[in-house]
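**Student:** My questions will all concern the structure given below.
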Number of protein chains: 2
Amino acid sequence: MKDLHVTKVTLQEVAQAAGVSRATASRVLTSDPRVSPGARRAVERAASKLGYVPNHAGRALATGRSDAVALVVFEPTTLLFGDPFFPRLIRGLGDVLTSRDMQLVLLAPQTASDSDRVERYVAARHVDGALLVSLPSAHPLPGRLASRGIPLVIGGRPTEADRFNHVDVDNVAGAARAVAHLIAGGRRTIATVTGREDVPAGQDRLRGYQEGLTAAGLPADDALIEAGDFTRDGGARAMRFLLVKRPQLDAVFVASDLMAVGVLEALHQAGRRVPEDVAVVGYDDDPMAAGLQPPLSSVRQPIEEMGREMARLLLDAVHSPDRPPRKVLLTTRLEARFSSAPVASKPTGEAV
Amino acid sequence: MKDLHVTKVTLQEVAQAAGVSRATASRVLTSDPRVSPGARRAVERAASKLGYVPNHAGRALATGRSDAVALVVFEPTTLLFGDPFFPRLIRGLGDVLTSRDMQLVLLAPQTASDSDRVERYVAARHVDGALLVSLPSAHPLPGRLASRGIPLVIGGRPTEADRFNHVDVDNVAGAARAVAHLIAGGRRTIATVTGREDVPAGQDRLRGYQEGLTAAGLPADDALIEAGDFTRDGGARAMRFLLVKRPQLDAVFVASDLMAVGVLEALHQAGRRVPEDVAVVGYDDDPMAAGLQPPLSSVRQPIEEMGREMARLLLDAVHSPDRPPRKVLLTTRLEARFSSAPVASKPTGEAV
DNA sequence: CTAGAGTGTGGAACCGCTCCCAATGAAGGA
DNA sequence: TCCTTCATTGGGAGCGGTTCCACACTCTAG
């Protein structure tokens, strides 16, 4: 119960208590092998007895490193929380970072001045490097930080893709795979509800949709493409438009599960059955997807893996600052559920 | 596009470029008034031309402060995100902290070893103080940190309430108010679904429920009290028990909105109409509450205000470390919706 | 028995910044 | 005109670590 050390303990005091020099004490605490077993034991004992914790600022100043990295999320806080993407990403990051005893500092700039603050924070070497996610396209921050020589990894596809380290999910392949799945299930008139056009992931998923059709020799039809905005209502609205433009459609690929909820609602209201009349595949494999009515097929992204890969890339960049930028592309997996069951059992008029 | 300063700029270089000493340059950058206008301008110009940003470690070492505080959240990451409590809290904290140019570092220890890591992190003076929320009761961390002289503010009611600064919501009054509202609506047999017993907030809400009954002269009845566990399913289960034990109940006060969802389901399955047969009031005023069927009455907590107050308290503690612990109690507001409409318009057998 | 090769160790020089303190010069007062 | 007072300024001592370097030993190998 002795909380004697209300005053900070310094290395000097530990060294003194252990009867060695500051240098030797430091060696023990940084796991330098060049210390005799006796001295080592003495220092360790003294340190634990005094409750010594190395002062961060002192160490950082001496080593030039801070053992922390920033996760910069460009997204309204409300969206940040509530989106299952982030806990998964953070778990992945944590897997790698905690094993190296590095701290993760979460920064969520909301305004332009916040963004400046982030730049100053990172430039001040508060952290050894930065992870940037959901970066608005053409945002100046990566360039600014890079010009200060700060190690950087971007999650998603940056505007100037080869200037920066980045980890992306293969959205093109994921979307193409979803379309192939629909085609395999006997669908022929496949529409899509896209994401916002300014979001790279949305662009890629649209491209994947188109490639999927082309690969199967199906015609492209612009009237089968309708823009959503990654919201539920946007999805519903887009679906209603599609039903007006192409009533005969028999499948929809939706660029996010949240929009897919709206799509399902719109289909239900229009009296179309899912999957009997229209098959639906979403994207993200949101936890709620499996619980929807009907359970929603969805493209699952390896978010944890993305986090791990981002952390690895960043640590590499911190240790070898001159390495050229690298790019990692991760593959998706299709979770097929009832919403995209094959037309099956009603093959050309077979009697029941 | 000269990114000349890939190498860090130091104060020394700024001073040199401005033709003054390091001391004077430092004064300019710390807004010390004792600098001539000329020197000030020269330094400012040099600093911005060189893209100077003060090195954090250097400054922290010299001042003994880091201009950052930690928010320590003891909750599984998955719960952290997804719970609307946190974005609201963080917004409140941000209001106060950014105005003082302080950074918020989010730490979410999941395991005991994480918790140790947090202790080391904070003890290393990485941050000037710590904000602790959803702290398990009797957790050793606050005591440990306090004994190291680290400024602390706890959100919620800590086990040893007067040892620590804390900001709490008046859960007792909030719950009592909800019960009073039910009574005013003509209800007489009021049950409650409580939270987990080891959570102070849950205990307080139960106490408020009891006080509410007592204040109105209604009898206490233990069979009207059933423990939930803050989950939806737990709420449903508790409600089913209550219906068995006291079929004649005409109102339920539920200690969280999430549990209230389960309660509504259970009531629906049992064929009880809400609010005609049973009135329901929840707690937290979750954003979804207004969207439920029927819209759920709920006790709204001033979370943003709690964040602001916590930040203020912590900043005070950082600046005056010897001030005795303070306690702030915030009041709730009842959002009355249809789920607790008065029995009204069916007075004793009036014909339809 | 001695030169040479390791080991451990301590002294001291930083790392980048703040701030105390003494020094300077100009301005004001006697 | 000389002494104070006041506003600026620079020198230099830390802040708490890490790490280079030289030194003192001990232990082979020649």
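**Student:** Let me know the mean shielding of B:54-64 by other chains, meaning the per-residue number of their Cβ atoms within 10 Å of its Cβ.
**Tutor:** Average neighbour count from other chains, rounded to a whole number: 6.
**Student:** Taking H placed 1.01 Å from N in the peptide plane, check which residues at least 5 places from B:Glu335 or on another chain put their amide H under 5 Å from its amide H.
**Tutor:** Hits under the 5 Å cutoff: B:Ser298, B:Val299, B:Arg300.
**Student:** Specify the inter-centroid distance of region A:72-135 and region B:44-84, based on alpha-carbon positions, in whole Å.
**Tutor:** 12
**Student:** Let me ask something else. Could you give the alpha-carbon Rg of region B:232-334 over 2.2 N^0.38 Å, rounded to two decimals?
**Tutor:** Against the empirical 2.2 N^0.38 Å value, I get 1.46 for region B:232-334.
**Student:** Compute log10 of I(q)/I(0) for region A:74-144 with the Debye formula, placing one identical point scatterer on every Cα and leaving out solvent, at q = 0.13, 0.19, 0.24, 0.28 Å⁻¹, to two decimals.
**Tutor:** For the requested q values the scattering log ratios are -0.42, -0.89, -1.27, -1.38.
**Student:** Considering only region B:208-352, what is the antiparallel percent among its DSSP beta bridges, to the nearest 5?
**Tutor:** In region B:208-352, approximately 35 percent of DSSP beta bridges are antiparallel ones.
**Student:** With every protein chain left in place and a probe of 1.4 Å, what is the accessible surface of A:Glu44, to the nearest 10 Å²?
**Tutor:** 90
**Student:** Relative contact order for region A:11-54 using alpha-carbon pairs under 8 Å, separation at least 6, rounded to a whole percent?
**Tutor:** The value is 44 percent.
**Student:** Local charge sum around B:Val261 (other residues, Cβ-Cβ under 15 Å, Lys/Arg +1, Asp/Glu -1)?
**Tutor:** Result for the neighbourhood of B:Val261: -4.
**Student:** Starting from the alpha-carbon convex hull of region B:142-289, give the projected area averaged over all orientations, in nm².
**Tutor:** 9.5
**Student:** If you place +1 on the Cβ of every Lys and Arg and -1 on the Cβ of every Asp and Glu, how big does the dipole about the Cα centre of the protein assembly as shown come out, in debye to the nearest 20?
**Tutor:** Dipole size: approximately 2240 debye.
**Student:** Can you give the net charge of the other residues whose Cβ lies under 15 Å from the Cβ of B:Glu13, counting K and R as +1 and D and E as -1?
**Tutor:** Net charge in that neighbourhood comes out at +4.
**Student:** Taking the Cα centre of each part, how many Å lie between region B:235-308 and region A:174-241?
**Tutor:** So the two Cα centres are separated by 40 Å.
**Student:** To one decimal in nm, how far is B:Pro287 from the same spot in the other copies, if labels go 7 Å from Cα toward Cβ? Please give the shortest first.
**Tutor:** For B:Pro287, the inter-copy label distances come out at 1.6 nm.
**Student:** Taking each pair of different alpha-carbon atoms in region A:11-54 once, compute 1/r for the pair, average those values, and report the inverse of that mean as the Kirkwood hydrodynamic radius in Å to one decimal.
**Tutor:** 9.8
**Student:** Can you give me the convex hull volume of the Cα atoms of region A:24-92, divided per residue and expressed in Å³?
**Tutor:** It comes to 158 Å³ per residue, whole-number rounded.
**Student:** Just the Kirkwood number for region A:254-295, please: inverse of mean 1/r across all distinct Cα pairs, in Å, one decimal.
**Tutor:** 10.2
**Student:** Also, I was wondering about something else. Leaving out ligands, DNA and RNA, and with a 1.4 Å probe, what % of the accessible surface on chain A is carbon or sulfur?
**Tutor:** Reported share for carbon and sulfur atoms: 53 percent.
**Student:** Could you tell me the total accessible area buried at the B-A interface, probe 1.4 Å, in square angstrom to the nearest hundred?
**Tutor:** 3600
**Student:** Continuing with this model, one more query. Rounded to the nearest 5, what % of the DSSP beta bridges within the protein assembly as shown are antiparallel ones?
**Tutor:** 10
**Student:** What gaps in nm, shortest first, separate B:Leu50 from its twins in the other copies when you place the label 7 Å past Cα toward the beta carbon?
**Tutor:** Label point to label point, same position, other copies: 3.6 nm.
**Student:** Take the alpha-carbon positions of the protein assembly as shown, form their convex hull, and give its projected area averaged over all directions (one quarter of the hull surface) in nm².
**Tutor:** Its average projected convex-hull area is 40.9 nm².
**Student:** Moving to a separate point now. What is the spread of the Cα atoms of region B:133-199 along each of their three principal axes, largest first, in whole Å?
**Tutor:** In descending order, the Cα extents are 54, 19, 15 Å.
**Student:** If you take the Cα Rg of chain B and divide it by 2.2 N^0.38 Å, with N the number of residues, what do you get?
**Tutor:** 1.31
**Student:** Rank B:Arg125, B:Arg45, B:Arg326 by mean-square fluctuation in a GNM of chain B with C-alpha springs under 10 angstrom and give only the top-ranked residue.
**Tutor:** Sorting by GNM fluctuation, first place goes to B:Arg45.
**Student:** Within 10 Å of each Cβ of B:100-109, how many other protein chain Cβ atoms are there on average?
**Tutor:** 4
The values are calculated or read from the model by the stated rules, or taken from the named source; none is laboratory data. The structure presented is a predicted model; accordingly, all values stated were derived computationally and were not measured. So basically every Cβ, Gly included, is an ideal-geometry build from the backbone, and we count neighbours across all protein chains shown. For accessibility, only protein heavy atoms count, side chains too; no ligands or nucleic acids. Shrake-Rupley method; radii C 1.70, N 1.55, O 1.52, S 1.80 Å.
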